[in-house]
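Quick one: structure below, then a few questions.
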Amino acid sequence: MALAPLLLAGSRRWKRLPGAQRELLLRGLWGAPPLPGLVRGFAQQARPRGSREAREAEDSAPVFQYVGQRAKRKERLFVWGFCHAGALGIPSFVKPDAGWKKPRRIQPTPYRLETAEKISSAACGYGFTLISSKTTDITKVWGMGLNKDSQLGFQRSRKDRTKGYEYVLEPSPIPLPLDNPQKTRVLQVSCGRAHSLILTDEEGVFSMGNNSYGQCGRKVTEDEIYSESHIIHRLQEFDGRVVQVVCGQDHSLFRTEKGEVYSCGWGADGQTGLGHYNITSAPTKLGGDIAGVNIVQVASYGDSCLAVSNEGDLFGWGNSEYLQLASITETTQVNVPRYLPFKVGKIKDAACGGTGNAVVNEEGNVFVWGYGILGKGPNLMETATPEMIPPTLFGLSDFSPDTHVSCIRCGISQFAAVNNRGELFVWGKNIRGCLGIGRMEDQYFPWRVTIPGEVVDVACGIDHMVTLVKSFI
Amino acid sequence: MAVARAARSGLNGLFAVYKPPGVAWFRVRDTVETLLLKELNSLEQPVVQQQVRFVPTTVEGNAGKELTLVATQLPVLAAHPLVRGPKFTSLKIGAGHRLDTKSSGVFVLAVGHGNKLLIDLYNAHLTRAYTVRGLFGKATDDFSDTGRLIEKTTFDHVTRDKLERILAVIQGSNHKALLTYSNIDLKTQEAYELAVEGLIRPMEKSPPLITAIRCLQFAPPEFQLEIQCLHETQQYLRKIVHEIGLELKSTAVCTQVRRIRDGFFTLDNALLRTHWNLQNIQNSIQESKIKVKLELQRSLGYQSRSGKRHTDMDQVAESELQSTEGTFASNLTDKMR
């Protein structure tokens, strides 16, 4: 049609055509009769579809794949608790990224911490956290939080190259003086009040931080300044390979492959277990009731310690002011490891807190004793002999009769238990929201923490907690 | 007449019927009412009384037809059912927790004085058990397989182990919500003791809560779950199936929702369509009378004694009545005997 080229030239000419001619043009160009005055383009009028058409449309719909058949479960890290020291590793909690936002004082529920590598071990100290990975890369350990005693090593400040950071807000790599940095793997990390220990598979134990009581395993230097210190001490004078390191408040415990336990640090409460109440600055083997016994686990966080033998027997030493060892002795300090004759069955896992202790036996039942909120309601505040926490509080029910607790951890006055289904239960004093239950009140019996994943491991600190979690799918 | 009245007096109480799928709940209620009324009305044989009336009729007399009164026996129509209408025109039948059109299962009805018990039954906040069937691979707008298709996904990565992991998480978070919505002060020794025994349950209005969930069958793409829940609706259960699909990084729709237990009425107590008649319903009311009385007595007793007490009524009754709370569906028949 003669008017067709006019259309392509521009819209102004199109609008000047009288209505009837426009209509004719439309019909001519597009064939199908549209509604008068309306250009429908490719749209079709809605009409009722038969069931066969609906079925065919459904069959021809595209299928989306979100996850492959052999998808691996992802490792995640969740943190919660007190944020001001930067121990949670999320800088926006301390220094918000927008001017109008306020710094977050407490993170009351689990918050995901993104890490560069898969984290295999985590430990919480007094205002700082260490996380490590079993990688062969150069960077194996990251630290965040308080660094006033160089417990996170020397973190060089970017503004002034001679000074170090006092607070580390993000997981920052800790440079370890390894002989074979591309071969050695870090197995475990542990944090105390102001010192930390890093266990490697071939190069022994590295210690950093405060050494005023010899807890780093090196000689105590008077008037040593611990902040911005570059000293990372390597401990290799053990008889055999060290397989577990534990930091108490101001002392350190080392367990070797052979089942022997070494200790160093402050001993005023007898927590070094060496038979005296003095400071020890070099790791020394423990004797007492554990001499000759194959110890498979050591636990400590405050000033008292527990050890578990391969036969499931329990040994304890250290502070007993809170009835931790009152079942065998009246004294409030025990400086030699003593056997604890508790009738709780064969012990699989033990944890020592500031004032209370907990063990898990073979059947998965949790026993607690000591002082404080022990987990059996507000009425039980202290006991010298272990009391069992009913397994129904850990998820046992008629529908899931094989649920039991697989591991137990202690903070300074809180407990954390993980059951075999990967659910985390916490109880104890809720210091600055460290329980992660969303409330600020103390929790007198085990309470489930909602985490979007299956909990593999927990690390408890004074006022924060870190969990290693595997995603569901 | 006496028979019908006796029958009518026996119809006071609670009973359960099996609601078939595809039928609205009020139609079931109306059908039951109609059938009962039909039976009640048929019980009565219309006794037609006779009366003697003097009726003017023409008689062959002396001088042709004469009008005289003749005594005749006539039936009394005043009490005739065709004149008066049927004796029973309506029955008060109330419904307990409703089932929507697509779902099926145990549906509690109350007749006569039993309607008052329905309120008490509601306030007892008993749990209900459902079997829910789902299908992996597609998502629809109303979470059932008859809705409009939204998306199709693969599901070859889904295993029974992953499904059970998700179910454990659902059960865990709902268990936590049970404790939170019960409005108990968690710092008391009482709260600890109730938590240990598992007796805590909200006794007021709360969002839908799942007390227990587990997988009965798993044959991809189909699977069947048993869910025990509180304050729920059937659409909520379909939404749970949809969300399970999403958690598994796939999609799922619900194909069947079937209630197997409502409080203490189970599938064994529910009457099938062929058994909806007077005798069966009367028997059913009689059987459940004792259970209902004990159950509600306990519930009211507890609530009056200690304000609003948050104890699990089913658990309490379990020891005496062999209730079905917390037991597997397969053991239901054994426990009921």
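Bear in mind that the values in this text are calculations on the coordinates, not laboratory data. Because the structure is predicted, anything quoted here is derived from the model rather than measured. Here the Cβ is made from the backbone with ideal geometry for all residues, glycine too, and neighbour counts use every protein chain on show.
Scan the stretch B:167-189 and give yes if some residue there is of a type in the set (S, T, N, Q), crowded, with 20+ Cβ neighbours inside 10 Å, farther than 20 Å from residue A:399 by Cβ and at the interface with chain A (Cβ under 7 Å from one of its Cβ atoms), otherwise no.
No: zero hits.
Another question about this same structure. Can you tell me which residues in the stretch A:195-212 are in a loop (DSSP other than H, G, I, E, B) and crowded, with 24+ Cβ neighbours inside 10 Å?
A:211
Please specify each residue of the stretch B:133-166 satisfying the condition of being surrounded by 19 or more Cβ atoms within 10 Å (Cβ to Cβ) and over 21 Å from residue A:473 (Cβ atoms).
B:140, B:144
Determine whether residue B:175 is in a helix (DSSP H, G or I), in contact with a Lys or Arg (Cβ under 8 Å, 6 or more places away or on another chain) and farther than 22 Å from residue A:55 by Cα.
When the stated conditions are applied, residue B:175 passes them.
Filter the stretch A:355-383 for residues that are without any contact (Cβ under 8 Å) to a residue 40 or more places away in the chain and surrounded by fewer than 20 Cβ atoms within 10 Å (Cβ to Cβ); which is nearest to the other protein chains (Cβ to nearest Cβ)?
A:379
Is there any pair linking a residue in the stretch A:273-302 that is free of Cβ contacts under 8 Å to residues at least 12 places away in the same chain to one that is of a type in the set (D, E, K, R), with Cβ under 9 Å and at least six apart or on different chains, and which?
These pairs meet every condition: A:291/A:260; A:291/A:285.
When the stretch B:190-234 is examined, which residues are found to be part of a loop (DSSP other than H, G, I, E, B), within 14 Å of another protein chain (Cβ to nearest Cβ) and not aliphatic (A, V, I, L, M)?
B:198, B:201, B:220, B:221
Follow-up. Do you know which of the residues in the stretch A:384-443 that are in contact (Cβ under 8 Å) with a residue 60 or more places away in the chain and polar (S, T, N, Q) is nearest to the other protein chains (Cβ to nearest Cβ)?
Applying the filter and picking the extreme gives A:443.
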